[in-house]
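What follows draws every value from the coordinates through simple rules; no lab data is involved. The shown structure was predicted, so the numbers you read here are calculated from the model rather than taken from an experiment. FYI the Cβ positions are ideal-geometry reconstructions off the backbone, even for glycines, and counts take in every protein chain you see.
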Amino acid sequence: MSLARRRFDTLVIGAGGAGLRASLSLAGLDASVAVVSKVFPTRSHTVAAQGGINAALANVLPDNWHWHMYDTIKGSDYLGDQDAIEYMCRSAAHLVYELEHAGVPFSRLDDGRIYQRAFGGQSQHFGGAQAARTCAAADRTGHAILHTLYQQNIRARSHFFDEFFAVDLIRDEQGYILGALILDIESGEPMLIEAKTTLLATGGAGQLFRTNTNAHINTGDGLAMALRAGIPLQDMEFFQFHPTGIAGKGMLISEGARGEGGYLINAEGERFMRRYAPQAGDLASRDVVSRAIYNEVKAGRGCGPRRDHVLLKLDHLPETLIASRLPGIRQLAQTFAGVDPARAPIPVYPTAHYTMGGIPTNRHGQVVVPVGQGEETIPGLYAVGECACVSVHGANRLGGNSLLDIVVFGRAAGNHIVEYLKENRFHRPLDEASVAAAMARLQRWDQRGEGESVATLRADLQQAMQEYCGVYRSEEVLREGVVVLQGIRARLNGVRLQDHSRIFNVARIEALELENLVALGLATVHSALARRESRGAHSRVDYPARDDEHWLKHSLFYLEGERMDYKPVQLKPLSVASFPPKPRVY
Ligand SMILES: Cc1cc2nc3c(=O)[nH]c(=O)nc-3n(C[C@H](O)[C@H](O)[C@H](O)COP(=O)(O)OP(=O)(O)OC[C@H]3O[C@@H](n4cnc5c(N)ncnc54)[C@H](O)[C@@H]3O)c2cc1C
């Protein structure tokens, strides 16, 4: 097969908020940038972000970045790296103003300043009264940010490869990353992009679970590409379940709904969150609220004929407020739950939402791996956004911190790549063996197989993850989960692709995505089995307490040999005093 080749200074894989913020930094300078995305850029999942982006602007209530830093560390259940968290919270205000000036139409206060709403886990004075830190463009903040960044990239002349699918990274014997093999989805033709630096910004892997808030495309491709290149994935046992998905369907009802005054009730009409989080109530951190809902339903206090969900009440709020601040939520509830939240409560249940784990990086976005007692960067490789683990979210992400993460570290990586390019002025010779290996993996999917369909196997994987690795976990169930997932991996080999020639190519993409998901499922279940404590989103019924003595460390999963390793949490911030672990109550 002939292989077209293109050369750029930088290859950015992923055109969500993370990729586009990085490419904007680069294209503004002299670097030539290729941005590859498997969907048209403005269809990336960032577009679906509803509630907003955190920055301590203090426009509505008193605030400062140091309180934001404390809340983020506490939210992370002390697993977040404090240097990266300080860096993110300190830069937040600057980045939000930058977005405002680039054209993001933020909602406004009467005096013209940016509107800010209360979100879960936010406090004043290091754990005191509720703060209001989330800047929003109604409930379509991600839409506004993504479109603005895309338009700015068009102006800066970033080179887009829309609807191209990245298959694998190319690396040489010295460990340098030299670019990637990509596939033109329309024609099915492969192409090689050579680059001095490659940035992975491929987003999360919510499609691992049956009930999730994520787009169909969120299959964690970049994470799996890293795994196959020998890079471990960090903290994969921490997957966030958002408390308020539409019951039975999974679509997200933003935390902004509770931030605007909504609250949860059980079948007895009780505001049960007051029992679980006396101070923060409905705005406790997400892991806490998700477990509370799960426990209410398990105790028989669920709502509906099957008693399998709780209710989110908004109908006590003025209809004008719902119309101006939560129009998208209203539409979602009407379409998918058949209720108008201005008149009746919305049935909700926890739904898989956010990948806290990912490709290990430092705060410049460089991918770092342990070597001996220390760490080394993978030369030429960067990762930012939901596919990366820097780690600012630790064991549990706070709402509004991911849109912040993607712009802060997107910019940081862009800036660092500029420096790297000054030192590394030439393309390194291509490693043909690595290209051949990537091509061979692709060509394996030219054989269509006789077994079950890709869709069947994907559904089985999602069901297995839901059953064996959900909100609550235990040794016994996780052990079974590993066996079930290994079985699913074995079945992959015989999978049947649609053999109708016109849709064959799309079927091949779905098979490649499934292969990625299976690797990530294994990473998640192995990491969860290994961690014998409960922390943040990882709740073990057999080890219900947090265990700082043994487990205040990041996990690393390697695909080869399916083995685990660990590295310390960075407890030392850059310039301020550390926040040492203490019991986490809301
Ligand atoms: C419904 C919903 C609501 C949310 N609301 C909020 C919120 O209010 N506030 C907040 O802070 N966070 C929110 N989040 C989380 C936040 O939106 C995401 O974590 C963040 O936008 C991820 O950005 P990203 O750039 O890393 O990835 P994405 O936006 O997911 O972009 C990934 C990109 O990678 C490309 N890609 C992936 N695989 C390949 C491949 N193999 N080849 C080529 N291209 C590929 C895709 O085409 C896409 O362009 C929400 C998430 C969801 C799902």
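Summary table below
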read-out	value
Positive minus negative residues near residue 18 (Lys, Arg vs Asp, Glu; Cβ under 11 Å)	0
Mean shadow area of segment 177-331 over all directions, Cα convex hull, nm²	13.5 nm²
In nm, spacing of pseudo-spin labels at residue 61 and residue 371 (7 Å Cα→C-beta vector)	4.7 nm
Unit charges at the beta carbon, dipole of segment 110-177: most positive-side option, 145, 123, 175	123
Kirkwood Rh in Å, taken over segment 449-547 so that all alpha-carbon pairs contribute	14.5 Å
Zero-based 10 Å bins, Cα pair distances in the chain, whole percents	4, 18, 30, 28, 16, 4, 0
Relative contact order (percent, whole number), segment 246-327, Cα cutoff 8 Å, 6+ residue spacing	33 percent
Phi-based couplings in Hz for segment 506-511 (Karplus 6.51, -1.76, 1.60; Gly and Pro marked x)	5, 4, 5, 4, 5, 5
Distance (nanometres) between label positions extended 7 Å along Cα→Cβ at residue 274 and residue 483	4.7 nm
For segment 162-168, 3J(HN,Hα) per residue [Karplus equation, 6.51 cos²θ - 1.76 cosθ + 1.60, θ = phi - 60°, Hz, x = Gly/Pro]	7, 6, 10, 10, 7, 9, 8
Amide hydrogen neighbours beyond the local backbone of residue 391, cut-off 5 Å, H modeled	81
Amide H contacts of residue 167 (H built 1.01 Å from N, under 5 Å, at least 5 apart or other chain)	181, 182, 183
Antiparallel DSSP beta bridges within the chain, percent to nearest 5	65 percent
Unit charges on C-beta of K, R, D, E only; dipole of segment 449-547, Debye	260 debye
Average projection area in nm² (convex hull over Cα atoms of segment 96-138, one quarter of hull surface)	3.7 nm²
Nitroxide proxy distance, nm - points 7 Å out along Cα→Cβ at residue 496 and residue 343	4.7 nm
By average C-beta atoms within 10 angstrom, highest first, the peptides 171-180, 359-368	359-368, 171-180
Cut-off under 5 Å, modelled amide H: who pairs with residue 554 long-range	567, 569
Estimated [θ] at 222 nm from DSSP helical runs (n ≥ 4, -39500 (n - 2.57)) normalised by residues in the chain, nearest 500	-11000 deg cm²/dmol
Rounded to whole Hz, the Karplus (6.51, -1.76, 1.60) HN-Hα couplings of segment 530-538, x for glycine and proline	5, 7, 9, 6, 10, 8, x, 6, 9
Filtered chymotrypsin sites (Phe, Trp or Tyr not before Pro), segment 398-492: DSSP coil and at most 15 other beta carbons within 10 Å	426
Length released on extending from residue 582 to residue 334, taking residue separation times 0.36 nm less the Cα-Cα span	85.0 nm
Sorted peptide list for 217-228, 540-551, 525-536, criterion being average Cβ within 10 angstrom, highest first	217-228, 525-536, 540-551
Scattering profile of segment 243-350 at q = 0.13, 0.15 Å⁻¹ [log10 I(q)/I(0), Debye over alpha-carbon scatterers]	-0.41, -0.55
